[in-house]
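Here is the structure we will look at, set down as structure tokens.
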Amino acid sequence: MPEQTPTATLEGSISVLAALESKSRPIHNIYLRAGAPGRHERTWRSIELLAKEQAVNLSRVPSTVIDGLAEGKTHGGVLAEVGERRHIEPAELLAAAGAVPFIVMLDGIEDPFNFGYAVRALYAAGAQGLVLRPRNWMSAANIVAKASAGATERIPSTIFDTADEAASFFREHGLSVVCTAQRQATPLYEADLTMPLFMVIGGEKRGITRSFLAKADLRVQIPYQYRFPYSLPANSAAAVLGFEVMRQRNWASPAAAKSNIFPGQ
């Protein structure tokens, strides 16, 4: 069956390489700026090698060609024409997560930059899967991929119509449903986050519904040092929550850091 026509672009070597390595979506064409890659030589070589292995058409073209296809000016001489993001079934996502899953749903985050930043933090902190509503992010695929530094291409993802449906599925499979709340919540650093988790993080405008909060297995609150009446943006909250999960699971004591933890930038 022939491939469908491209529906979006990914710009920049980080996003394009992530899509190639994860095989997260069909890639129809890759364009590299003609001439020396400079400091990006190693990354460009990886892109060329993977494109050849996956039989993806790759062309060296003048910068003007890429400029004409790109949405902005930060492509760095690399652009890919791509198809829709591939998602997997919930059971497949759960099986791939291992013995102690950490699955996250970002619900109600409408800004593609914030969505990308949140996934970037969660992926760096070890989240093994992402739950999405059936929204078409293709119009913002490039922004989301770039903001997440390619994490949205790398993290396995699945679709549920509602947070309630997702929570029911994961609870039936032994995961505790966790979300943030301002009242009747356990301070984050007192909560046990070492069990299998399905965590729901709401957007700044709508947040999480009261009915969902009432049914959560665990409600946590991010403590502040000062009296401050405003919530954190969703991407900041995602970073705080994600790295506390990682800390609890990998540093039971100061000497217990696991060897599979990598230094950040």
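If you check 108, 129 for being over 21 Å from residue 23 (Cβ atoms), of a type outside the set (A, V, I, L, M) and touching a residue at least 24 places away in the same chain (Cβ under 8 Å), only one passes: 108. Do we find that residue 119 is within 22 Å of residue 21 (Cβ to Cβ) and over 13 Å from the mean Cα position of the chain (by Cα) in this structure? Here the answer is no, as residue 119 does not meet what is asked. Of 145, 141, all but one fail to be outside any strand (DSSP E or B), touching a helix residue (DSSP H, G or I) at 6+ places or on another chain (Cβ under 7 Å) and farther than 19 Å from residue 93 by Cα; the exception is 145. Taking (1) buried (at least 18 other Cβ atoms within 10 Å of the Cβ); (2) hydrophobic (A, V, I, L, M, F, W, C); (3) at pLDDT 95 or above in turn, residue 141 satisfies each apart from (3). The set of residues in the stretch 207-225 that are loosely packed, with under 10 Cβ neighbours inside 10 Å and in a helix (DSSP H, G or I) comprises 210, 211.
Cβ-Cβ distances below 6 Å connect the following pairs, each with a first residue in the stretch 158-172 that is outside any helix (DSSP H, G or I), a second residue that is surrounded by fewer than 20 Cβ atoms within 10 Å (Cβ to Cβ), and a separation of six or more residues or different chains: 158/87; 158/88; 158/90; 159/87; 159/132; 159/134.
Looking at (1) touching a Leu at 6+ places or on another chain (Cβ under 6 Å); (2) among the hydrophobic types (A, V, I, L, M, F, W, C); (3) farther than 27 Å from residue 110 by Cβ, can you tell me which one residue 191 breaks? Result: residue 191 fails condition (1) only. Of the residues in the stretch 70-86, none is buried (at least 16 other Cβ atoms within 10 Å of the Cβ) and assigned to a helix (DSSP H, G or I).
Scanning the stretch 122-150 for residues that are touching a strand residue (DSSP E or B) at 6+ places or on another chain (Cβ under 9 Å), closer than 14 Å to residue 106 by Cα and aliphatic (A, V, I, L, M) returns 122, 127, 130, 131, 132. For the stretch 174-214, a residue qualifies if it is touching a Pro at 6+ places or on another chain (Cβ under 8 Å) and closer than 21 Å to residue 87 by Cα, and the qualifying residues are 175, 197, 198. Across the stretch 40-70, which residue is modelled with the highest pLDDT among those that are under 27 Å from the mean Cα position of the chain (by Cα) and among the basic types (Lys, Arg)? The selected residue is 52. Scanning the stretch 243-260 finds one or more residues that are at pLDDT 90 or above and of a type in the set (A, V, I, L, M). For the stretch 105-119, the count of residues that are surrounded by fewer than 15 Cβ atoms within 10 Å (Cβ to Cβ), modelled with pLDDT under 95, closer than 30 Å to residue 200 by Cβ and not β-branched (Val, Ile, Thr) is at least one.
Report the residue count in the stretch 107-128 for those that are more than 15 Å from residue 241 (Cβ to Cβ) and not in a helix (DSSP H, G or I). Steps first, please.
Narrowing the stretch 107-128 to residues more than 15 Å from residue 241 (Cβ to Cβ): 108, 110-113, 115-116.
Subsequent filtering for residues that are not in a helix (DSSP H, G or I) retains 108, 110-111.
Qualifying residue count, the stretch 107-128: 3.
Applying the criterion of being more than 18 Å from residue 131 (Cβ to Cβ) and touching a helix residue (DSSP H, G or I) at 6+ places or on another chain (Cβ under 7 Å) to the residues of the stretch 190-209, the residue that is modelled with the lowest pLDDT is 204.
The values are calculated or read from the model by the stated rules, or taken from the named source; none is laboratory data. These numbers come from a predicted model, not from an experiment. Backbone-built Cβ (ideal geometry, glycine too); neighbour counts: all protein chains shown.
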